[in-house]
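To start, the structure under review is shown below, and the notes come after it.
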Amino acid sequence: MATIKDVARLAGVGLGTASRVVSGKGSVAPATARRVHKAIEQLNFRPSHTARALLSGSSQMIGVYIPILKGTFYTPILQTIDGELREGGRHMVVAFGQGSGDQRRQALEGAEFLIDRGCDGLIVMSNELLENDIVALGRRQPRLVVLNRIFESIREQCFSADHVRGGVLAAQALVGHGHRQLAVIGGPATSPDNVARIGGFMDEVRRHGLDPQHIPMLASDFSPEGGWASARALLAGKRRFTGLFCANDEMAVGALSYFQQAGLAVPADISVIGYDDAHSAAYSAPRLTSVHIPLREVTVSGLNCLLNLCYGSALPVQRDFAVSVTWRASVAAAAQPTRARRRRVSPA
């Protein structure tokens with residue numbers, strides 16, 4: 001395999017000159033650069049990752065912290081980051097929460113692990129980190145971008161969709177189909193994006209004359225198992241509902257599965273709307289209507305911002321992200337109860 005020394009020898013130039021041509025840094029006479037490029041072509045020279053790092057003075061690696069290495073939310077984000085970095089000849093190093101500490105401590109340790117490995121910049125996703133944690137991390141690694149959350153201390157380095165708007169759209173989808181008896185399966189109360197989407201949903205139903213206090217809501221953990229257990233608990237409760245908002249698609253899929261086992265038809269008996277519009281939403285039974293969060297656009301803009309900070313590039317960075325509803329089969333008009341059903345649910 002050819003080395004940079006072989007290229008320099010064939011082109012008749014010094015090693016430093018060949019290195020400047022390969023790295024693209026520093027001035028080289030056009031005729032000399034042409035000789036180096038011709039030698040690169042003749043030798044089929046491809047610099048290794050280590051060689052590129054030495055030439056550029058950086059690791060050419062981006063560190064990514066995510067809380068958990070599973071599920072339909074984080075996997076597409078990692079795939080997007082990896083694909084974009086590889087196109088530019090760079091790589092990612094992933095850390096995720098593990099160990100005996102709480103989730104905040106795990107996130108801090110994960111970020112510190114990536115910094116210690118010499119990553120040129122960090123992408124962080126965590127609901128547990130505090131503002132002062134971000135400030136402290138920024139002292140060690142100022143080239144830091146946060147996805148799906150806003151921190152005031154580095155607002156220009158934070159990228160997130162409008163989750164309040166997402167909650168509003170979920171409410172409009174159900175109320176617009178005549179649903180007045182609603183229920184909600186939310187995510188963890190400690191998750192800022194969950195709080196935002198639930199808040200948007202409740203504000204919107206209030207605007208339509210419904211009292212959020214009369215809407216049964218259970219907090220779960222964003223998992224299919226959590227959606228299953230919450231749907232079972234809601235059906236065991238006293239309040240009847242015809243429309244259900246689930247704060248992510250994984251919980252919605254769990255709820256759909258439980259309703260099917262319980263003998264309820266979706267959307268004939270209960271309409272269900274999810275959130276995120278994950279890939280799996282198109283293949284549930286029935287296919288899941290979901291609030292579409294443009295995660296790819298959010299991720300690419302955040303990554304581009306970080307690459308600009310790390311390498312002085314001028315990649316495009318978007319700040320506003322359109323949230324919408326992807327309509328499928330799980331939401332329909334609220335069914336009117338039959339006379340027999342009215343008699344069964346009316347007071348004795």
**Request:** Please give, to one decimal in nm, the separation of the simple spin-label points placed at D211 and S23, each 7 Å out from Cα toward the Cβ.
**Result:** 7.0 nm
**Asked** How high is the FRET efficiency between A282 and F113 when r is their beta carbon distance and R₀ equals 41 Å, given to the nearest 0.05?
**Response** 0.70
**Gaussian network model of the chain, springs between alpha carbon atoms under 10 Å - residue of A33, A262, A95 with greatest fluctuation** = A33
**Request:** Beta carbons within 10 angstrom, averaged per residue: use that to sort the peptides 178-184, 294-300, 282-288, highest first.
**Result:** 178-184, 294-300, 282-288
**Prompt:** Ignoring ligands, DNA and RNA, how do F245, F113 rank by accessible area with a 1.4 Å probe, largest first?
**Reply:** F113, F245
**Prompt:** Calculated FRET efficiency, A262 and Q79, Cβ-Cβ r, R0 30 Å, to nearest 0.05?
**Reply:** 0.30
**Complete:** Once the dipole of the chain is set up from charges on Cβ (+1 Lys and Arg, -1 Asp and Glu), the residue from the list M61, V22, F259 lying farthest towards its positive end is F259
**Asked** Under a point-charge model restricted to the Cβ atoms of Lys and Arg (+1) and Asp and Glu (-1), what is the dipole moment magnitude of the range 150-301 relative to its Cα centre, in debye to the nearest 20?
**Response** 600 debye
**Request:** Quote to one decimal, in nm, the extra length available between S100 and T326 on full extension: 0.36 nm per residue of separation minus the C-alpha distance between them.
**Result:** 77.4 nm
**Item:** C-alpha center-to-center spacing [the range 70-132, the range 302-316] in angstrom
**Value:** 17 Å
**Complete:** With Cα springs under 10 Å, the Gaussian network model of the chain assigns the largest mean-square fluctuation among G209, G63, G199 to G209
**Request:** Keeping every protein chain in place, order W327, W228 by accessible area at 1.4 Å, biggest value first, i.e. largest first.
**Result:** W327, W228
**Request:** Any chance you could give the angle, 0 to 90 degrees and rounded to 10, that helix 30-43 forms with the longest Cα principal axis of the chain?
**Result:** 70 degrees
**Message:** Placing unit charges on C-beta atoms (Lys and Arg positive, Asp and Glu negative, everything else neutral), compute the dipole magnitude of the chain about its Cα centre in debye, rounded to 20.
**Reply:** 600 debye
**Rounded tilt (10° steps) of 224-236 against the dominant C-alpha axis of the chain** = 10 degrees
**Item:** Cα-only Debye scattering, the chain: base-10 log of I(q)/I(0) at q = 0.10, 0.11, 0.12 Å⁻¹
**Value:** -0.70, -0.79, -0.88
**Request:** Please give the helix 163-175 orientation as an angle from the longest Cα principal axis of the chain, in degrees from 0 to 90, rounded to the nearest 10.
**Result:** 30 degrees
**Asked** With the chain treated as a Gaussian network of Cα nodes joined by springs under 10 Å, which of G89, G274, G138 yields the largest mean-square fluctuation?
**Response** G89
**Request:** Return the ratio Rg/(2.2 N^0.38 Å) for the range 220-348, where Rg is computed over Cα atoms only.
**Result:** 1.40
**Ratio Rg/Rh, restricted to the range 113-223 and using Cα atoms, in which Rh is the Kirkwood radius** = 1.12
**Request:** Tally the DSSP beta bridges in the range 182-340 and give the antiparallel ones as a percent, rounded to 5.
**Result:** 20 percent
**Request:** Give me the accessible area of D211, 1.4 Å probe, in Å² rounded to the nearest 10.
**Result:** 70 Å²
**Asked** Around L43, with a cut-off of 13 angstrom between Cβ atoms, what is the net charge of the other residues, counting Lys and Arg +1 and Asp and Glu -1?
**Response** +3
**Request:** Could you calculate the contour length gain from A314 to K38, that is, 0.36 nm times the residue separation minus the distance between their Cα atoms, to one decimal place in nm?
**Result:** 96.5 nm
**Fill in**
Rounded to the angstrom and largest first, Cα extents along the principal axes for the range 178-293 equal 32, 29, 23
**Asked** If M217, M61 are ordered by their accessible area, calculated over protein heavy atoms with a 1.4 Å probe, which sequence runs from highest to lowest?
**Response** M217, M61
**Prompt:** If the chain between T3 and A31 were fully stretched, how many nm would it gain, using 0.36 nm times the residue separation less the Cα-Cα distance?
**Reply:** 7.9 nm
**Accessible area of H279 in the full protein assembly, 1.4 Å probe (Å², nearest 10)** = 150 Å²
**Complete:** From DSSP H assignment alone, runs of 4+ in the chain each adding -39500 (n - 2.57), the sum over residues rounded to the nearest 500 puts [θ] at 222 nm at -14000 deg cm²/dmol
**Prompt:** For the range 161-233, what size does the Cα cloud have along each of its three principal axes, sorted from largest down, in whole Å?
**Reply:** 31, 29, 20
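The values are calculated or read from the model by the stated rules, or taken from the named source; none is laboratory data. Quantities reported herein were computed from a predicted structural model and do not represent experimental measurements. Neighbour counts run over all protein chains shown; Cβ positions are idealised from the backbone, glycine included. For the accessible areas, the whole protein counts, side chains as well, though only heavy atoms, and no ligand, DNA or RNA atoms are used. Shrake-Rupley method; radii C 1.70, N 1.55, O 1.52, S 1.80 Å.
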